[in-house]
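Reading through the structure tokens given below for one structure.
The values are calculated or read from the model by the stated rules, or taken from the named source; none is laboratory data. Please read all numbers here as calculations on a predicted model, not as lab measurements. Methodologically, a virtual Cβ is constructed for each residue, glycine included, from the backbone with ideal geometry; neighbour enumeration extends over all protein chains shown. The accessibility values were calculated without ligands, DNA or RNA, using every heavy atom of the protein model including side chains. Shrake-Rupley method; radii C 1.70, N 1.55, O 1.52, S 1.80 Å.
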Amino acid sequence: MATPEQFEEFVAARFPALVRSARLLVADPSLAEDLVQDALMRCVPVWSRIEGDPEGYVRTVMVRTNISRWRRRRRVMESPTEVLPETATWDPEVAEQDALRRALGELGPKQRAVVVLRHVEGRAVREVAQMMGCSVGTVKSQSSAALARLRVLLAENEVPASAPPAASLIP
Amino acid sequence: MVQPGLEERLTRLVDPQVDAVVPPADELWQRGRRWGRRSRLVNVGVALCTVALLAGIGVWGSQGLRHPGPVQPVDSGSGVGVPSRVHTNISSRMPYLAEPGALVAVTSWSHTTWWGRSEPAVAAVSARTGEYGFVRTPGMAGGEPALSPRGTHLAYWTAGTPSGSPNTTRNDGGTLTGVAVLDSVTGEVVRHEIETAHGLSDQELFWLDDQHLLVHPFHLLAGDDGPEEEQWASRGKDAFVLDASTGEVSPWRWAERLPVDGWLRSGDGVLVSERGDALVNHRTGRVLEVGLPADPADLVTSDGALSPDGDVARVVHGDKNTDTGLTTIWVARLARPGSAEKWREVPREGSYVHEALGWRDGRIVALTGGEEQALILVDPSDGEEETLVEYVEDDGRGDGSVGWSWATDLLQTADVVDSQEPVYPVNPLLVLGATAAVLTAAAIAVVGWRRRGHP
């Protein structure tokens, strides 16, 4: 049976991994940590009733909490930057991932969660549906719409590989 | 432009560099427990509020479904009674009387169904319990019902298909083609279809006694495709008597010698033509050589009342020279033709009298009109008045004012008993709406708190 000690062990072991996932769900790093702490605290009242590995339960709570708090949060945080931050070095792989992450940040919370869970973390459709509390059909339709939207966003913000930012050329 | 390989790029999306500091787990645990307790308190609070509100709605919604007082047989030796007060404002959502029994008063009134649809119906006051409610009248198609003298039978018009083009303009409930009689004690209904080309006007139904209904059908002259002026005209013909128990029909035997409308009725089968020119016994077929004195003043008169002793009371409206709205009550005794008997005006300066309904212990039962409606007893010798049934006017709870038709024999003989109040059910759609609103508000409160609540 789970105990506070087990909770402490779980937090110590899995907090960074949970934050990494949360960083894909919300753009702001501090809000990502806040989301993980929020999810962990929501799990406390039922901690003793969680069977098996609690991580799946915590991640489910995290995803759903993020979606349900979206409206409140978006008013204060959803402000994707228009201009790519300047980087001191030019790495096409890093630039591509930055662009992808930024495009993810412009999706709505449900679509973002679907993309992260389904395509980044590679979870099965049924598992994603269970975690989000929706139907399999909804996951599929959200996934399709999200990918289409991502393609548009990436096309709009595409940075030519042959033309690195001027800042990276300055010695 | 669609960039290919997006899904593959997503799978290669590496986790961002995370330098998060692991928070103190014991602090998270304590905050989580506090949040859990708050959550339970909110849930319990919302649940209690919801239950309280639903209970309130339940009480509010059921208020009009129960009779304010206990429904018991009236305190009367005969088992039937006349209520001391009658409400003129009633609800179209009243329930049906479970066991109507004899009825003391009825009125044509629309019944509003659960979903708000209106249908022609008969509202009644039970002579057995004093309850108000609707009476089940299968096939009723509108028009005024006729209550038998002792309140045991109710006659009403039914709709059907005429032999020619139907006239649908005269009656909202359909083309009238028949008459039905409800036995309010047994619940049995006797129906009789009348052969008609375009339909019937809702007149005349007259109870000769508690078992025999005189029907004088007025046939509409044209259907919907006929001349407009004829669609509203009708002609009476082929009066007949319907036996309420057996449903047997016999021709009205006085059709040639005597008019079929304008009768005064008294006792078992004794009738007087309103013109005062004949007294007949419809059961034996005898024409008695007695009648009424000459008309009091060649004035506009209303229906009259004939007592078992042969006293007749009639209300005269206005004056033959000045149409003042004055009403006077005149009385006379049945007399042989040529006798010196004359009409005599009852000396009184009381309220406006609408019509005379009967005789009770030597006094005239009359319906007063104007602002203060009531059934009063008028002493024919000195005009002294006493209230028999008080009319309770609009108190804002009903759906409209009605005019009651009374079981005249009960008015003359039954004991006056304590009255019941009608029920005024709340619109069930309002109750449903309020319930849904409370449940929705509770759900919003719980979900909203859980979404906004930060542990």
* Asked: Short version: ³J(HN,Hα) in whole Hz for each residue of the range B:195-205, in order, from phi by Karplus 6.51 cos²θ - 1.76 cosθ + 1.60 (θ = phi - 60°), x for Gly and Pro, what are they?
  -> 5, 8, 7, 10, x, 10, 7, 7, 8, 10, 10
* Asked: If all Cα-Cα distances of the range A:97-147 are sorted into 10 Å bins from 0 onward, what percent lands in each bin, rounded to whole numbers?
  -> 29, 57, 14, 0
* Asked: trypsin sites (Lys or Arg not before Pro), restricted to the range B:103-176: which are DSSP loop and have at most 10 other Cβ atoms within 10 Å?
  -> B:ARG117
* May I ask for the net charge around B:THR112, where only other residues with Cβ less than 12 Å from the Cβ of B:THR112 are counted and Lys, Arg are +1 while Asp, Glu are -1? => 0
* Structure fact -> Sorted by chain and number, the residues with a modelled amide H under 5 Å from that of B:GLU355, at a separation of 5 or more or across chains, are B:LEU367
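Order the peptides A:18-24, B:395-401 from the highest to the lowest mean number of other Cβ atoms within 10 Å of their residues. Can you show the working numbers first?
On the way: A:18-24: 22.3, B:395-401: 12.7.
Going by the mean number of other Cβ atoms within 10 Å, highest first, we get A:18-24, B:395-401.
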* Under 10 Å, Cβ to Cβ, from B:GLN231 - net charge with Lys/Arg +1 and Asp/Glu -1 -> -4
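If you count, for each residue, the other Cβ atoms within 10 Å and average over each peptide, how do B:140-149, A:131-140 line up from highest to lowest? List each step's numbers first, then the result.
On the way: B:140-149: 23.2, A:131-140: 15.9.
Result, highest mean Cβ count within 10 Å first: B:140-149, A:131-140.
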* Amide H to amide H, which residues 5 or more places from B:LEU388 or on other chains are under 5 Å from it, using H placed in the peptide plane? -> B:LEU375, B:ILE376, B:LEU377
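Taking only protein heavy atoms into account and a 1.4 Å probe, give the accessible area per residue of the range B:361-455 in Å².
Values: 4640 Å² over 95 residues.
Result: 49 Å² per residue.
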* To do: Using a 1.4 angstrom probe on heavy atoms only, work out the carbon and sulfur share of the accessible area of the range B:108-230 in %.
  => 48
* Structure fact -> If amide H atoms are modeled at 1.01 Å from N in the peptide plane, then the residues at a separation of 5 or more from B:THR196, or on another chain, having amide H under 5 Å from its own are B:SER163
* Structure fact -> If the label point sits 7 Å along Cα→Cβ of B:ASN427, residues of the range B:387-414 with amide N under 16 Å come out as B:397-400
